[in-house]
Every structure is written in structure tokens, then in C-alpha cells.
Amino acid sequence: MHILKIQGFDMRTGLTEDLIARVLGAAPKYTLAELEAKFPPRALPDGAMVTRFAPSPTGFMHIGNLYGALIDYKLASQSGGVFMLRIEDTDTKREVSGAVDVVKRAMSDFGLKYNNDEKYGPYYQSQRKDIYHSVAAELLRTGRAYPCFLTANDLEKIRAEQTAAGFGTGVYGEFARDRDITSDEIIRHLDNGEVPTIRLYSTGDPGKRIFCKDAVRGSIGFPESNEDLVLIKSNDGLPTYHFAHLVDDHFMRTTHVVRGEEWLPSLPMHYQLFRMMEWTPPVYIHTATLDKIDAETGKQRKMSKRKDPECNVAFFLQEGWPVESVMEYLGNILASGYEEAKLKGAVKNFWEYEMKPKKIPMSGALFDMKKLEWWAKEYIGAMTVSDLVKSVVTWANEYGDEKQKMQVANQDYLTAVLAIERDNPRRIRKDFITWKQTLGIEEFFFDELFVPNTEYKYNADVLRAFLETFDIADDKDTWWNKIVAIAEKFGVKNGDVAMDLRVALSGRTNTPDLYSIMQVMGKDRVIKRIKAVL
RNA sequence: GGUCCCAUCGUCUAGCGGUUAGGACAUCGGAUUCUCAUUCCGGUAACACGGGUUCGAUUCCCGUUGGGACUGCCA
């Protein structure tokens, strides 16, 4: 084994082209220079950020994914940059069919438009093998990576040994058996039919510290990583996350990498990778995770797929939450000044608000449904009646059940129903939270869904008296004066008369304005429902 | 075990050495209203703890505690 001294480090000698081709399964398609030319730096104005949302297609879009994607999108769009969608489908074992559609659908539903310029594609990592292998070949050629023939069994043994001895686990230093493997040995393994992984020949020294930058946390010091991490997996020849991140974010010319804080511990490795290639690392932004308040215990805990349906973004669509308010809620978490700006009228919506990367919170935020409800109420409260109707109808037709579809079939009637208490902008009802719940509140307007209240003790005399003088053409004052007169005649409160009518008409003790309800229901329906309880 | 991150009302946060520690949601009380909702007024409520540095710490440093992440041929 020849050891070369390069920059003070012991380096491996590189592999020959023939051997590289055998190790990788094929000769590399590109040289580094060719890749640089194929994916040139982007011609973008100063300050333009290039970001990407890079989910692995699990068939499930987590609210945390949406949160991260929103940051990516905002950063790119407000700076005149580019926002990409890259599918990290390097784990063939976990592949789920249709999973990419789930992601794309969510992106489009929540208004996150991405711009995947073909020039920098493909955007599926599974289709970028040539690129990864070409970079890996270069590393193999220069002794900065090596083929490793350790089997799963070997790895398990090493780990057990390390655990027993109290060492950190991993393939590093003396535990990296094949670190200094010779060409002859490689050939022997290859002839034996073994397929290697490609590992980094790490020159990191844990005794030294490396300082990495995070845009919100500042400089963070770590011990250098001496882990010979896997670059290319043996089972499918695809890269690991680390290597794909290095290669893709360099050649896609990503300027800002937004990812969950679970990536913080691998930051030094990524720094070392970029440094080794003499590439400029992107600006990193590690976001805190979204937790939630447990409804039963009132305690804080992480969002879980099993316990929290709302951790799946599809939940918000199915339940008919206004997507804009979900984005406003999320947006206000990542840019806390937004709420105040909106309340002051400085901006109309989150898309207009300029967020500051440095202000992204670094401590975990709790998902607060109550606050989301408030955003939703505010949002719906500010809608015009026709927009409200449109949203409700669209939702019902896509996600609604038969009852809900029936409710939106007659749009004139629905419009009249939803227009109640919306004429005065200062006093708009704010009990609508979701499209689904909105239709639920209004069920009593529909004869097919109306449930008469048989528990309530109606004052039949009062109701009869009302029927005698009832005229649908009365204006509101006339109508009310009649009610006052009836109350006086029977010695009850005005409110009691109103309540008898309210329950007879709606089956409920709480409704919006009674006069409006009667106007919308129409003469016949009013008379019929009152008579029904007499 | 090792490494790293985090810590202001119940929740999300503002604050960047001197503030009556501000706002929003929630909550409580009052006013208005035919109920509910709305709207308007008002209240309760926080700097995790211990050391420093300083004339002065919520703010800077160290430690403790608590919470979290990572320690895979998963991302």
C-alpha cells in the first residue's frame, strides 16, 4: 500500500480507471469539469436565493415538511431566486408508489409553486446516478474515497465491539478495516462477486474542532468527524443522503439549505465534504421541530403520526381548513412579526410579508389548534360572500359526503344562507372555522337535514300568536315590534318569544340573527316548521 | 455513554445591559345584543435555577436542571 502525503494528511493512492469502473459497475460518464460546465452557476441577481424542498417520498406529507417548504418558498420568492422540488428517492427499500403525487398535490394545494429548470435536473435522485458516480469516481481516483467490503454482519460485530468497549459506534480509524485496502485485495473481493460500498476516506481528526455556520444559530463548534461515511450504497448503487446533498446542492447551485434540526449533528461531516471538494457550502438553516399540546394531558409532546391526524397535511384539506390560514399560522411561527404587520394592515397576507432568515425560531414551536382556529376565523371573516360560497362548494364537491354535496347543490340558497350577518364588515360572524364545519352549522336550513327539537318546551300560545301576525314582507323593525307585542300580551320576555321561534325553526338554541333566518328560509318553510311543533 | 441544539405569561413570541418586561391566542370579568357569535372595555398570567462579569442583568460568560436531536449501506 502506497501512502502519499498530501497537505499533511496520509492519503490513499487512487484507483486506476479500470478498477474504478469495476468498483462502480461502469465507467464514470462525466469528469468533474464536465459536470461544472453542464451545471454552471446560475445567472441570478445579487442576493437571489436558490432553495429546495427535498422530501423523501414516504406517501405522507408531514406538517413539518410543509413548514420547511414554506421557508424555502418564501426565501426564494422574496429574493427573486429559485425554489426547487427535489425528490430524495434514494432509499429503494422504503419506496411507496404514488408518494410523489402526494407531495406534488400538497405543494399545489398550499400554493407552493416550484420551478424545476430542466437544465439543472433531473430532480429525482434515483435518476442522477451518473452524476453521483462521476463524483465518486473522482474521489476514488484521488484516494479520497475507497471501496469497502464490510458486510452487514461485519458492521454489526464492529458495533457490538465498540459498544462493549465504550467507544462511539461507526466505521472510523482502526475500525475501518478496508480503509487502506490495496488494489489486489479489491480485485480479489470483486472476483469473489462482492459489491462494495464507497466510503469516504476521512481525514478528520476528532481532536480538532471544526466550526460550522448556521444562519440562525451562528457558529457551532464540533469535533471533526473521522467517520468513513458511506457515499454510495452497495445494494442499489445510490448515494446516501450526505453524498447526495453534497453533489446535488452543489450542482443545482443551491444557496440556502433549509432542513430540520435533526441534521445539525451531521453538519461537520457536510462541511468536511464541501471543503474536501473545494466547493462553497450553502448557507444552512436548521429549523426546530413542530410539537403539539396534548389535548388530554395539556402537556407538550412531539407530533405523532398515530395520535395527531393534523400532523398529516392532507388532514387540513380533508377537513376543509382554509389553506391560506394554515399558511398564515405556519408563516407567523417562522416570521413572528407577520401577525403584527397584518393586524396593522401593513400587509394583506403572508406572501406579501418579507421574512428575515435570522428570525426563524430555533426553539421548538408547539402546534396550537386554537391559534390556527383564530387565523381561520379571521380569514373567513374577511372573505366576500361569493368567495366563501366558492370555497365551500369546491371543498364539498371534492371532499364532502352526500349530505354536504346536497347542501351545495343549490348555490342560490347556499349563498343566502352564508350571507347572513355578513353585511356589516364591523360585525361579521366569526363562527366559521372550516368549510366542513361551516356546512355543519348550517344544516338546519336544509329540510333534508333539519332535526326538529322535541326536547324543548315550546310556548304554543306564543307560537300561534306569531303565526297569526307573521308576514314575510315585514321589515326588521316591524317584525320585531310584533314579537315585543306578543311578549307583552303573554307576559314573557322578548327573548323568550325569540327563543321559541329560534328552536322551532332551527332545532337549536343558538343561531345567527333570527330575522335573517326567516328571510332566507322563506314564508312556507317558516310556517311549516312552526306548525310542526304545535 | 459521547456529541450537539434549545430554555420569557398556559401557547406563539417582542426584547438584543438600565423597560411599569410589550403584543397575539387562550382564559377570566364587564358592556352591547332576541340566543350564539361579533364588537368594545378591563383583569389574571412569564424572564427555569445557581454562580460570575458589570454601577446595573431577561439580555454577556460558566455551571446545574429540564426538554430535544444525532450516534444506520433511513432520510
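Of note, A:Glu398 satisfies the criterion of being modelled with pLDDT of 95 or more and either in the same structural domain as A:Met518 (by TED's automatic domain parsing) or surrounded by fewer than 16 Cβ atoms within 10 Å (Cβ to Cβ) (or both).
Contact map, region A:334-352: first residue in contact (Cβ under 8 Å) with a residue 12 or more places away in the chain and small (Gly, Ala, Ser), second residue exposed (fewer than 14 other Cβ atoms within 10 Å of the Cβ) and assigned to a helix (DSSP H, G or I), Cβ cut-off under 8 Å, separation 6 or more or different chains; pairs are A:Ala335/A:Lys359; A:Ser336/A:Lys359; A:Gly337/A:Lys359.
Being part of a loop (DSSP other than H, G, I, E, B), outside the structural domain of A:Glu262 (by TED's automatic domain parsing) and open to solvent by 40 Å² or more (accessible area, probe 1.4 Å) is not true of A:Pro57.
Taking region A:480-495 as the range and being touching a residue at least 24 places away in the same chain (Cβ under 8 Å) and near RNA strand B (Cβ under 9 Å from one of its atoms) as the test, only A:Trp480 passes. Of all residues in region A:65-80, those satisfying the criterion of being in contact (Cβ under 8 Å) with a residue 60 or more places away in the chain, open to solvent by less than 30 Å² (accessible area, probe 1.4 Å) and under 8 Å from the mean Cα position of the chain (by Cα) are A:Leu66, A:Tyr67, A:Gly68, A:Leu70. Screening A:Val283 on (1) of a type in the set (A, V, I, L, M); (2) within 10 Å of RNA strand B (Cβ to nearest atom); (3) at pLDDT 95 or above; (4) open to solvent by 30 Å² or more (accessible area, probe 1.4 Å) shows it passes everything except condition (2).
Count of region A:204-229 residues, restricted to those that are assigned to a loop (DSSP other than H, G, I, E, B) and open to solvent by 50 Å² or more (accessible area, probe 1.4 Å), is 5.
Taking the numbered list (1) at pLDDT below 95; (2) outside any helix (DSSP H, G or I); (3) away from RNA strand B (no atom under 15 Å from the Cβ) in turn, A:Gly320 passes all entries but (1). As a summary of the residue check, A:Val492 satisfies the conditions (1) in a helix (DSSP H, G or I); (2) surrounded by fewer than 18 Cβ atoms within 10 Å (Cβ to Cβ); (3) β-branched (Val, Ile, Thr) except for the one numbered (1). The single residue among A:Lys403, A:Lys358, A:Lys370 that is at pLDDT below 95, touching a Leu at 6+ places or on another chain (Cβ under 9 Å) and not in a loop (DSSP other than H, G, I, E, B) turns out to be A:Lys403. Taken as a whole, the structure leaves A:Thr297 outside the set of residues that are modelled with pLDDT of 95 or more and either surrounded by fewer than 14 Cβ atoms within 10 Å (Cβ to Cβ) or assigned to a helix (DSSP H, G or I) (or both).
Based on this model, can you work out whether A:Ala43 counts as outside the structural domain of A:Glu194 (by TED's automatic domain parsing) and open to solvent by less than 70 Å² (accessible area, probe 1.4 Å)? Spell out how you get there, then give the answer.
On the way: outside the structural domain of A:Glu194 (by TED's automatic domain parsing): yes; open to solvent by less than 70 Å² (accessible area, probe 1.4 Å): no.
It is false that A:Ala43 is outside the structural domain of A:Glu194 (by TED's automatic domain parsing) and open to solvent by less than 70 Å² (accessible area, probe 1.4 Å).
In a residue-by-residue description of region A:444-452, the property of being surrounded by 14 or more Cβ atoms within 10 Å (Cβ to Cβ) and assigned to a helix (DSSP H, G or I) applies to at least one position. Regarding A:Ala498, is this residue within 12 Å of RNA strand B (Cβ to nearest atom), open to solvent by less than 60 Å² (accessible area, probe 1.4 Å) and farther than 30 Å from A:Val393 by Cβ? So A:Ala498 fits the description; yes.
Every residue, every condition in (1) over 26 Å from A:Thr16 (Cβ atoms); (2) touching a Cys at 6+ places or on another chain (Cβ under 7 Å); (3) more than 10 Å from RNA strand B (Cβ to nearest atom); (4) outside any strand (DSSP E or B), yes or no:
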| residue | (1), (2), (3), (4) |
| --- | --- |
| A:Ala137 | no, no, yes, yes |
| A:Leu140 | no, no, yes, yes |
| A:Leu150 | no, no, no, yes |
| A:Asn153 | yes, no, no, yes |
| A:Asp180 | no, no, yes, yes |
| A:Gly193 | no, no, yes, yes |
| A:Ser202 | no, no, yes, yes |
| A:Leu231 | no, no, no, no |
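The values are calculated or read from the model by the stated rules, or taken from the named source; none is laboratory data. Quantities reported herein were computed from a predicted structural model and do not represent experimental measurements. Positions of Cβ are generated from backbone atoms using ideal geometry, with glycine treated the same way; all protein chains shown enter the neighbour counts. Areas reflect the complete protein model, heavy atoms only, side chains present, ligands, DNA and RNA absent. Shrake-Rupley method; radii C 1.70, N 1.55, O 1.52, S 1.80 Å.
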